[in-house]
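One structure below.
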Amino acid sequence: MKLDEFLRLNAPDELGALAMAVAKSSLTVWESIPFKSGMVAGVNPSGERQKAIDVFSNDEFAEALAATGAAKEIASEEMEEPVKAKGSISVAMDPLDGSSNVETNNPLGSIFGFYSRSLPASGRSLVGALYVTYGSMVTVTLSFGKGVHRFVAVRGPAETSFELMGVNIRLPERPEVYGVGGSRREWVPAVRDFVDSLEGRGLRVRYCGTFVGDYNQVLSRGGMFAYPELVNRPQGKLRLLYETAPMAYINEQAGGYASDGKRNILDIEPKTLPEPSPAYIGSADVVRDLEKAVSATSG
Ligand code: F6P
Ligand code: MN
């Protein structure tokens, strides 16, 4: 089944239009990566002035989302102020997650949260979320509150379409992998001890340096991704609206749990658009154990 047909059958019209716009633009973004990041010397296919890939992907997605007529506002990690539009859904996005991975050709991603309320809003007002991976495959993983489904870009003779690749994706029972951002000496001691204990539970480290890529493998293999509380950066690095709440929504739909160390990430009411928080996301039992370990040591 193709994505457009799936959306027609399974998503409210406005959400379907937004998701389809994201999927189409993700192909444009992906094809632009070598040129817009200066990887192809002296080549500029459209003859326009070069924009950096993060700005390009921001503008590409923002324009496509606005053109659907379904967005009320579009907020982005790359923009100071949200773009206002006429629809009813607030979109928060990280248009190119992990852009420092371009040079080394490690995975990249894009993250979208679809909120029913004006932003900033908590993850409880999410009505859908979606992430794109640009890895060995371009995939769209999404949820509109009824399970997690995945589509993969497939090139046909006339056009590239997104074909159904997985329905009702669930985190596996047995956790296998973990990845933790920042550096070990910056992690607060409770996190360091907990990570050590994961090795004892048989989990192996797998870290690519892009939240989307790191979370995506946790979704497939079970385990935990964290960008934790750091000694000199208690709020960690990842942003609630653009990054962690949409991924927490998908993760919950897949049977997992996401925490800031004390509470469900979806319950946090951010006061500002770029508000960060520590994030621990993945298999429910692992993340709940982490929460116990961290809260036992914090005052
Ligand atoms: O969006 C920020 C980001 O690029 C994430 O994709 C990634 O998880 C994190 O930074 C990696 O940060 P660090 O290099 O500090 O581990
Ligand atoms: Mn990011």
Among GLU63, GLU243, GLU31, residue whose mean-square fluctuation peaks in a GNM of the chain (springs only between Cα atoms under 10 Å): GLU31
For region 14-35 and region 107-161, distance of Cα centres in Å: 10 Å
Candidates THR272, THR68, THR244: whichever shows maximal mean-square fluctuation once the chain is modelled as a Gaussian network with Cα springs under 10 Å: THR272
Using alpha-carbon coordinates, inclination of helix 189-200 to the longest axis of the chain, degrees: 90 degrees
With Cα atoms, 0 to 90° folded angle of helix 211-221 axis to the chain main axis: 70 degrees
Prolate/oblate/rounded call for region 238-290, Cα gyration tensor, a/c under 1.5 rounded: prolate
DSSP-defined beta bridges in the chain - what % are antiparallel, rounded to 5: 80 percent
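Label region 3-166 by shape, choosing from rounded, prolate and oblate, from the square roots a ≥ b ≥ c of the eigenvalues of the Cα gyration tensor; if a/c is under 1.5 it is rounded, and otherwise prolate applies when a/b is larger than b/c, oblate when it is not.
Numbers: a/c = 1.79, a/b = 1.30, b/c = 1.38.
Note, shape of region 3-166 comes out oblate.
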Solvent accessible area, Å² - VAL127, 1.4 Å probe, full protein context: 50 Å²
Calculated FRET efficiency for the pair LYS86/GLU275, C-beta based, R₀ 30 Å, to 0.05: 0.65
Per-residue HN-Hα couplings for region 2-9 [Karplus 6.51, -1.76, 1.60; θ = phi - 60°; Hz; x = Gly/Pro]: 8, 4, 4, 5, 4, 5, 4, 7
Loop GluC sites (Glu not before Pro), region 123-218, which have at most 12 other Cβ atoms in a 10 Å radius of their Cβ (DSSP): GLU159, GLU173
For region 100-107, Karplus couplings with θ = phi - 60° (6.51, -1.76, 1.60), whole Hz, Gly/Pro x: 6, 7, 4, 4, 8, 6, 8, x
Efficiency of FRET from Cβ geometry, TYR207 and ARG263, R₀ 30 Å, rounded to 0.05: 0.75
³J(HN,Hα) computed for each position of region 122-131 - Karplus, 6.51 cos²θ - 1.76 cosθ + 1.60, integer Hz, glycine/proline x: 7, x, 5, 9, 6, 10, x, 7, 8, 9
Cα gyration tensor shape of region 177-297, rounded if a/c is under 1.5, else prolate or oblate by comparing a/b with b/c: rounded
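What order, most packed first, do the peptides 120-126, 10-16 have when packing is the mean number of other Cβ atoms within 10 Å of each residue?
Numbers: 120-126: 20.0, 10-16: 17.7.
Per-residue Cβ counts within 10 Å, averaged per peptide and sorted highest first, yield 120-126, 10-16.
The values are calculated or read from the model by the stated rules, or taken from the named source; none is laboratory data. Remember, predicted model here, so these are calculated numbers, not experimental data. Using ideal geometry, Cβ is built from the backbone for each residue, glycine included, and neighbour counts are taken over all protein chains shown. Surface accessibility is based on the protein's heavy atoms, side chains included, excluding ligands, DNA and RNA. Shrake-Rupley method; radii C 1.70, N 1.55, O 1.52, S 1.80 Å.
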